[in-house]
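The values are calculated or read from the model by the stated rules, or taken from the named source; none is laboratory data. Here the structure is a predicted model, which is why all the values come from computation and not from measurement. As a convention, Cβ positions derive from the backbone with ideal geometry for all residues, glycine included, and neighbour counts pool all protein chains shown. Calculation scope for accessible area: heavy atoms of the full protein, side chains included, ligands and nucleic acids excluded. Shrake-Rupley method; radii C 1.70, N 1.55, O 1.52, S 1.80 Å.
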Amino acid sequence: MSNIFKIAILPGDGIGPEVMKQAIKVLNKIKHFLNINIITNEYSVGGSAIDKYGEALPKKTLLGCENSNAILFGSVGGPKWDYLPLNKRPEKGSLLKLRKHFDLFTNLRPAYIYNNLFTLSPLKKNIINKGFNILCIRELTGGIYFGNPSGRKGNGINEYSFDTEIYYRFEIERIAHMAFNFALQRNKIICSIDKANILNTSIMWREILTNLSHQYSKVKLEFMYIDNAVMQLMKNPSQFDVILSTNLFGDIISDQCAMITGSIGNLPSASLNNKFFGLYEPAGGSAPDIAGKNIANPIAQILSLSMMIEYSLKNKIISKKIENAIKKVLKAGYRTQDLFTNQLNEKIVTTEDMGTLITEFII
Ligand code: IPM
Ligand code: MN
């Protein structure tokens, strides 16, 4: 790796810019610990890019990303741009394009329960007390999100619309290899989630995974139907280690994984290609209802930065430093509004304060 590491910063819409500001505070602190020169460049994306340049992913932004070593992404979308045709909206017009363009087929969404946030989980005490630590791995560049044909035809009561769930063998094989390798670094259990009692794509998915599992004899491979999986996640999340799934099922199940931790505001994600080039973004979305109020939780954005340091810079020591700072801030009782449960030691802080506190707690 050369001695310069360029990060494309794409704050986007809604709470994106304000939580991104906090991640940059953290970055400015930790860059002195890294033995590499960090260069950041900010680019417009999503709805704010539509307003400014007429398109969700301007050429300058894409070029900037291509010339970087990693992308730190905020969030895109909001009701303001919902009138646009699907392909021009911030979500499909920028985020999905970036995922496809850089072939970011592996989406990692780690969800675990913080010691001091047990009261926040909507799950019952006897369930949550067992704890959990799940790595959700979602296939991100295939399936129904990108399948053709997709569209709308016909007239009157015969008008119809359609999307295609399609998976190529190579797409399943490469995400499977990723999942097996991540499982090897953890508790070595993969639960692959599908709908193999109904879908052809799921039957092929199971077949390919089963065959590949022989190359990874240390990993235990299990399968679960998506409908059962959402129940099991509520009933006993501690049974899961790695959850692997398709693009659509992974979208759904990762939100559930986030919610059982108590707040979607804590869930980061890494989207990687086979060279470990990555786009790092919070899983929670742009939350336009709370944007600009200085109340959003910046933890997911800061943890996304921490994942960048772990996976793109391969520096686990520094990424752990950030995670530990977050743990300490939570232990000290500081909470953004979404994390507040009215416990004795809890103090509500703003987005800005949370960012500053986490930065200060990094040692
Ligand atoms: C996510 C989001 C996106 C998705 C949207 C914004 C397109 O929900 O990253 O989970 O569905 O992938
Ligand atoms: Mn989602």
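Below, the figures for the structure above:
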read-out	value
Residue that is surrounded by the fewest Cβ atoms within 10 Å (Cβ to Cβ), among those in the stretch 86-138 that are without any contact (Cβ under 8 Å) to a residue 24 or more places away in the chain and not in a helix (DSSP H, G or I)	LYS124
Positions within the stretch 267-306 being part of a helix (DSSP H, G or I) and open to solvent by less than 10 Å² (accessible area, probe 1.4 Å), in sequence order	ILE299, ALA300, GLN301, ILE302, LEU303, SER304, LEU305, SER306
Conditions (1) away from ligand 2 (no atom under 16 Å from the Cβ); (2) in contact with a Gly (Cβ under 8 Å, 6 or more places away or on another chain); (3) not charged (D, E, K, R); number of the one not met by MET234	(2)
Cβ-Cβ under 6 Å pairs, at least 6 apart or on other chains, the stretch 317-337 side open to solvent by less than 10 Å² (accessible area, probe 1.4 Å), far side among the acidic types (Asp, Glu)	SER319/GLU310; GLY333/GLU346; ARG335/GLU346
Residues located in the stretch 1-28, provided they are out of contact with any strand residue (DSSP E or B) (no Cβ under 8 Å at 6 or more places or on another chain) and at pLDDT below 95	MET1, SER2
Residue that is farthest from GLU173 (Cα to Cα) [pool: residues in the stretch 218-262 that are more than 16 Å from ligand 1 (Cβ to nearest atom) and part of a loop (DSSP other than H, G, I, E, B)]	GLY262
Total residues in the stretch 283-307, condition at pLDDT 95 or above and either near ligand 1 (Cβ under 10 Å from one of its atoms) or closer than 25 Å to ASN69 by Cβ (or both)	11
All positions within the stretch 188-209 that are touching an Asp or Glu at 6+ places or on another chain (Cβ under 8 Å), closer than 21 Å to ASP241 by Cβ and of a type outside the set (Ser, Thr, Tyr)	LYS188, ILE189, ILE190, CYS191, TRP205, ARG206, ILE208
Enumeration of residues in the stretch 237-259 that are farther than 19 Å from GLY143 by Cβ and either away from ligand 2 (no atom under 15 Å from the Cβ) or open to solvent by 50 Å² or more (accessible area, probe 1.4 Å) (or both)	PRO237, SER238, GLN239, PHE240, ASP241, MET259
